[in-house]
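Chemist: This is the structure, below, for whatever I ask next.
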């Protein structure tokens with residue numbers, strides 16, 4: 001597994017949100033297609049926007065913290081049979097190591113809230129669909145929007161709603 005960080009978000013030629021993950025110690029990028037609501041949840045957290053009421057991912061983060069669960073990492077792995085990627089949340093509950101299968105989009109939204117590392121399988125980076133994606137948006141007047149992500153390390157395992 002390769003350590004990744006969120007570099008930004010963009011819209012593909014079909015106006016679907018794509019989270020761009022970048023190697024922490026390298027140049028490669030991994031695009032992950034997400035739904036509009038998950039993209040919004042990721043942007044809200046990265047940009048430190050505080051909605052009047054908590055989003056679903058905020059509630060899940062609070063649940064983790066209140067019940068002593070610690071998100072150790074998010075692992076993104078290939079699912080060749082579906083031409084997509086899957087994800088699993090690796091967490092601890094006391095001395096127990098646990099996993100929870102999830103969509104990459106939901107895992108990313110939770111990982112940014114809890115400050116958990118994001119890891120991607122090497123084979124995803126080496127077979128990335130990035131060239132096709134960039135070709136599809138090259139002629140777009142929108143171009144690519146990369147968010148201004150915080151330069152400091154995120155606060156780990158915090159709850160923002162009481």
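The values are calculated or read from the model by the stated rules, or taken from the named source; none is laboratory data. Please read these numbers as outputs of a predicted model, since none were measured by experiment. In this analysis, Cβ positions are derived from the backbone assuming ideal geometry, glycine residues included, and neighbour counts consider all displayed protein chains.
Chemist: Just to be sure I understand the filter: pairs with C-beta atoms under 6 Å, separated by 6 or more residues or on different chains, first member in the stretch 50-62 and over 15 Å from residue 37 (Cα atoms), second member part of a loop (DSSP other than H, G, I, E, B) and at pLDDT below 90. Which pairs pass?
Modeler: Filtered contacts from the stretch 50-62: 62/159; 62/161.
Chemist: So residue 132 clears everything in (1) surrounded by 13 or more Cβ atoms within 10 Å (Cβ to Cβ); (2) at pLDDT below 55; (3) not in a loop (DSSP other than H, G, I, E, B) except one condition, right? Which one?
Modeler: Evaluating residue 132 over (1) surrounded by 13 or more Cβ atoms within 10 Å (Cβ to Cβ); (2) at pLDDT below 55; (3) not in a loop (DSSP other than H, G, I, E, B) leaves (1) as the failure.
Chemist: Go through the residues of the stretch 48-69 one by one and say whether even a single one is surrounded by fewer than 17 Cβ atoms within 10 Å (Cβ to Cβ) and under 14 Å from residue 3 (Cα atoms).
Modeler: Within the stretch 48-69, not a single residue is surrounded by fewer than 17 Cβ atoms within 10 Å (Cβ to Cβ) and under 14 Å from residue 3 (Cα atoms).
Chemist: Right, another one. Can residue 92 be described as buried (at least 16 other Cβ atoms within 10 Å of the Cβ) and modelled with pLDDT of 95 or more?
Modeler: no
Chemist: Now, a different point. Does residue 11 satisfy the criteria of being crowded, with 16+ Cβ neighbours inside 10 Å, in contact with a helix residue (DSSP H, G or I) (Cβ under 6 Å, 6 or more places away or on another chain) and modelled with pLDDT under 90?
Modeler: Working: crowded, with 16+ Cβ neighbours inside 10 Å: yes; in contact with a helix residue (DSSP H, G or I) (Cβ under 6 Å, 6 or more places away or on another chain): no; modelled with pLDDT under 90: yes.
No: the conditions fail for residue 11.
For every residue, the table says whether it meets (1) in contact (Cβ under 8 Å) with a residue 60 or more places away in the chain; (2) within 25 Å of residue 40 (Cα to Cα).
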{"site": "81", "(1), (2)": "no, no"}
{"site": "86", "(1), (2)": "no, yes"}
{"site": "89", "(1), (2)": "no, yes"}
{"site": "95", "(1), (2)": "no, no"}
{"site": "105", "(1), (2)": "yes, yes"}
{"site": "113", "(1), (2)": "yes, yes"}
{"site": "118", "(1), (2)": "yes, yes"}
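Chemist: Working only within the stretch 95-112, note down all residues that are out of contact with any strand residue (DSSP E or B) (no Cβ under 9 Å at 6 or more places or on another chain) and surrounded by 23 or more Cβ atoms within 10 Å (Cβ to Cβ).
Modeler: Across the stretch 95-112, the qualifying residue is only 109.
Chemist: Within the stretch 41-53, is there a residue that is within 23 Å of residue 121 (Cα to Cα) and at pLDDT 90 or above?
Modeler: Yes, the stretch 41-53 has at least one match.
Chemist: Go through the residues of the stretch 1-16 one by one and say whether even a single one is free of Cβ contacts under 8 Å to residues at least 24 places away in the same chain and within 14 Å of the chain's Cα centre (by Cα).
Modeler: The answer is no, given that none of the residues of the stretch 1-16 is free of Cβ contacts under 8 Å to residues at least 24 places away in the same chain and within 14 Å of the chain's Cα centre (by Cα).
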